[in-house]
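The values are calculated or read from the model by the stated rules, or taken from the named source; none is laboratory data. Fair warning: this is a prediction, and the values are worked out from it, not measured in the lab. Cβ: placed from backbone, ideal geometry, glycine included. Neighbour counts: every protein chain shown. Quick note on the areas: whole protein, heavy atoms, side chains included, nothing else; ligands and nucleic acids left out. Shrake-Rupley method; radii C 1.70, N 1.55, O 1.52, S 1.80 Å.
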Amino acid sequence: QVQLVESGGGLVQPGGSLRLSCAASGSIFRINAMGWYRQAPGKQRESVAVITSGGDTNYVDFVKGRFTISRDNTKNTVYLQMNSLKPEDTAVYYCNAAVKIAWGTLPKDYWGQGTQVTVSS
């Protein structure tokens, strides 16, 4: 079993910053891609940023230049540094990891429980 635990959400004023963390634990052989997604009320969950095991990153257009994804493979942890936050960034943010639990197995997607980010004055 694999668990993802997020932290770092909260209430911030427009223009402010937050740093989200997501630590993976459990039966982990290897973690491939890790990513952050978000879901606002009444909307579908959408991708925000993804990082491969080698450190290659990809961002959705509306966060480019404001958000930075990074990971520490020694800690099985992925981060999302969010700067210049806007009210429209308000959502529940979820982390995702593609995890292999043993040699020769296919990676399986795991999700965190979500952390609320609210941008408001």
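Scan segment 52-64 residue by residue and report those that are in a helix (DSSP H, G or I) and farther than 17 Å from GLY15 by Cβ. Passing the criteria: only ASP61. Out of segment 1-40, which residues are surrounded by fewer than 16 Cβ atoms within 10 Å (Cβ to Cβ), small (Gly, Ala, Ser) and touching a strand residue (DSSP E or B) at 6+ places or on another chain (Cβ under 8 Å)? Those that are surrounded by fewer than 16 Cβ atoms within 10 Å (Cβ to Cβ), small (Gly, Ala, Ser) and touching a strand residue (DSSP E or B) at 6+ places or on another chain (Cβ under 8 Å): SER7, GLY10, GLY16, SER17, SER25, GLY26, SER27, ALA40. Out of curiosity, is THR90 open to solvent by 20 Å² or more (accessible area, probe 1.4 Å) and polar (S, T, N, Q)? Judged against the criteria, THR90 is a match. Scanning segment 65-108 for residues that are in a loop (DSSP other than H, G, I, E, B), out of contact with any Phe, Trp or Tyr (no Cβ under 9 Å at 6 or more places or on another chain) and within 21 Å of GLN1 (Cα to Cα) yields ASN73, THR74, LYS75, ASN76, GLY104, LEU106, PRO107.
For GLY114, the conditions (1) surrounded by 14 or more Cβ atoms within 10 Å (Cβ to Cβ); (2) at pLDDT below 95; (3) on the phi > 0 side of the Ramachandran plot all hold with the exception of (2).
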